[in-house]
Structure formats: structure tokens, C-alpha cells
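A quick write-up on the structure given underneath.
The values are calculated or read from the model by the stated rules, or taken from the named source; none is laboratory data. The structure presented is a predicted model; accordingly, all values stated were derived computationally and were not measured. Ideal geometry is used to build each Cβ from the backbone, glycine not excepted, and the neighbour counts take in all protein chains shown. Surface areas here come from the heavy atoms of the whole protein model, side chains and all, with no ligands, DNA or RNA. Shrake-Rupley method; radii C 1.70, N 1.55, O 1.52, S 1.80 Å.
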Amino acid sequence: MNREIQAIGIHGIVPSAGFVQVWLRHFMVWRKTAAASLAGSLGEPFLYLLGLGYGLGRFVGSIGEMDYLVYLASGILAGNSMNSATFEAVYGGFTRMTRQNTFHAMLATPLRVADVVAGEVAWSATRSLFSGVAILAVGVGLGAFSPSGALAALSVVLLSGIAFGAMAMVVTAISPGYDFFLYYFTLVTTPMFLFCGVFYPVTALPSFVQSLVTLLPLTHVVALLRPLATGTLPEAAAIHLAVIGAYALVSFILAVFLVRRRIIV
């Protein structure tokens, strides 16, 4: 595989500005169902924060010096950035690649595989950003986010969407059908959602589990978003950003190679 990636070369991996056209195409299609999509983006976090934040929060009280509603809201923001990008890249991307033949139609134009994959990843990150804005709006309304912290958190949500969108495109490229995605959700995204600090501190886990979850990208997204939610700067931000960026870069290169092998080679 390494030889095949080398054969593609840097030119075949680095996207051109044409990926913006791919993103624009997806945005124009999304506009037709934007109302329902935005309603879901607002309704789901509102129910989570209301049910778990206020309901469970009355029993939990606070974690450390942070009210549980604030703690939960920042965790849900991080988890949602992963889920939104993943769902768009696997179901939307797979449908466009295998059912609608959108990828093939795009490649009949001057666009290259790297442009198509970059457009898919960028659109997946945009869906994360849309959902993130909705959650932040609800969170600010409930007093779970400070307005200044909410604005700073959006850049992390976008980076998270890029990383998880690229990871999901790898799965999309090798998937034989829709059912295959259940493996990814069951073995990858759901464990991250449950063990990477969304609902409780990672330090509550056994030491060997802590070592494992430290390697996972959602842990670092949570570590960045949680302090930002309260308007404070995260510790070791460079390390967290480097881990998320590494996942995004490696996954993107692999996705370009796998999509190219599936629809061209």
C-alpha cells in the first residue's frame, strides 16, 4: 500500500481549489432540506441538556469546580462534532459514491480524487459546524456557555469535523454496504463517545483504559472544548491540536488512496 501511495505522488494527494466546487454542490443540495436538518440540530442538544443537564445534574451537582450542566454541554458539543461529521461522511458519502455515482460524474470534469475527497471532508466538517452553532446557541441560552467561549469553541468544532470526516471517509471507501458502518459505530465512535470524557472525567477510568483513550482524538477535542466553554484557555493546547491534526492528515491521505483504488484503479 505504501508503494501505491508513493506512486500517486504529492500531486495526487494535495487537493486543488476545485474542492470548493464539491463543497458548494453539497451545500446547494442540503439547502432543500435545511429546515428539517436545523430543527434536528437544535432539538436534540436541547433535549440532552434539559434531560441530562438539569435532570441528572440535580443529583451530580458539579464535577470539580464546574457545574454539571456546563460540564455536560461541552462534552455533548465535542461528541456531536464527531457524530455529525461521521454520519455525513459515511451515509452521505457512500450514497454519493455508490448509489448516485456523483463521484464518477465529478471525476469526468477537471476535478481529481483528492478534490472530491477534500470536498467531502470539508462538507462533513461544515455539518459539524452547523450542529455546533445550534448546540452553542442552546447552551448560551441555558447558561452553559459563555458567549466569548462559544465563539472560540467553533474553531475546535471545525477542526474536529475535519478529523472525524476524514476518518469516516476511510471507512466509506472500503465499505461494501450500509450495514458495514455498524462495525465502525460499534467499535470506534460509540466507545469514544462513552469513554473519552463526554459525560465524566477520564481520570475516573482504570489507568490502563486512560492510556488507551488518551490516544483517541475525541479525548483531545473534549480537552480543548471544556475549558473554552467557560472562557478559559485549555492546558497543553498544542499537543491536543497536534493529535487531532495528525488524525486528520493521515486519514485524508489514506482516504484519497482508497477512494481512488475503489472507483478508478
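To the nearest 20 debye, what charge dipole does the chain have about its Cα centre, counting +1 at the Cβ of each Lys and Arg and -1 at the Cβ of each Asp and Glu?
Roughly 740 debye for the chain.
What are the DSSP H helices in the chain that stretch 20 Å or more along their long axis, judged by alpha-carbon atoms, and whose average Kyte-Doolittle hydropathy comes to at least -1.0?
34-48, 68-87, 113-141, 147-174, 237-263
How charged is the neighbourhood of residue 96? Take every other residue with its Cβ under 12 Å from the Cβ of residue 96, and add Lys/Arg as +1 and Asp/Glu as -1.
Its environment carries a net charge of 0.
For the chain, set up a GNM with springs between Cα atoms under 10 Å and report which of 239, 135, 174 has the largest fluctuation.
For the chain, modelled as a Gaussian network with Cα springs under 10 Å, the answer is 239.
Does the range 114-225 come out rounded, prolate or oblate, given a ≥ b ≥ c as the square roots of the eigenvalues of its C-alpha gyration tensor, rounded meaning a/c under 1.5 and, failing that, prolate meaning a/b above b/c?
oblate
Tell me whether the range 156-207 comes out rounded, prolate or oblate; compute the Cα gyration tensor, take square roots of the eigenvalues as a ≥ b ≥ c, and use a/c under 1.5 as the rounded threshold.
Taking the square roots of the gyration eigenvalues as a ≥ b ≥ c, the range 156-207 is oblate.
For residue 106, what charge total do you get from the other residues with a beta carbon under 11 Å from its beta carbon, if Lys and Arg give +1 and Asp and Glu give -1?
Every neighbour counted, the sum reads +1.
Running a GNM on the chain with Cα contacts under 10 Å, which residue among 12, 231, 64 ends up with the highest mean-square fluctuation?
64
Taking GluC sites (Glu not before Pro) as candidate sites, keep only those in a DSSP loop with at most 15 other Cβ atoms within 10 Å, then name the longest stretch of the chain containing none of them.
66-234
Enumerate the amide H contacts of residue 63 below 5 Å, restricted to partners 5 or more residues apart or on another chain; note that Pro and chain-start residues carry no placed amide H.
HN-HN under 5 Å from residue 63: 68.
Accessible area of the chain with a 1.4 Å probe: how many percent of it is carbon plus sulfur?
That share works out to 69 percent.
When a/c reaches 1.5 or more, the comparison of a/b and b/c decides; with that in mind, is the range 61-117 rounded, prolate or oblate per its Cα gyration tensor?
The shape class here is prolate.
Put +1 on the Cβ of every Lys and Arg and -1 on every Asp and Glu Cβ in the chain; which of 113, 129, 141 then has its Cα farthest towards the positive end of the dipole?
The residue sitting farthest along the positive end of the dipole is 113.
Ignoring ligands, DNA and RNA, what accessible area per residue does the chain give at 1.4 Å, in Å²?
For the chain, the solvent-accessible area averages 47 Å² per residue.
Once every DSSP H run of n ≥ 4 in the chain is given -39500 (n - 2.57) and the sum is divided by its residues, what mean residue ellipticity at 222 nm do you get, rounded to the nearest 500 deg cm²/dmol?
Estimated from H runs of four or more residues: -22500 deg cm²/dmol.
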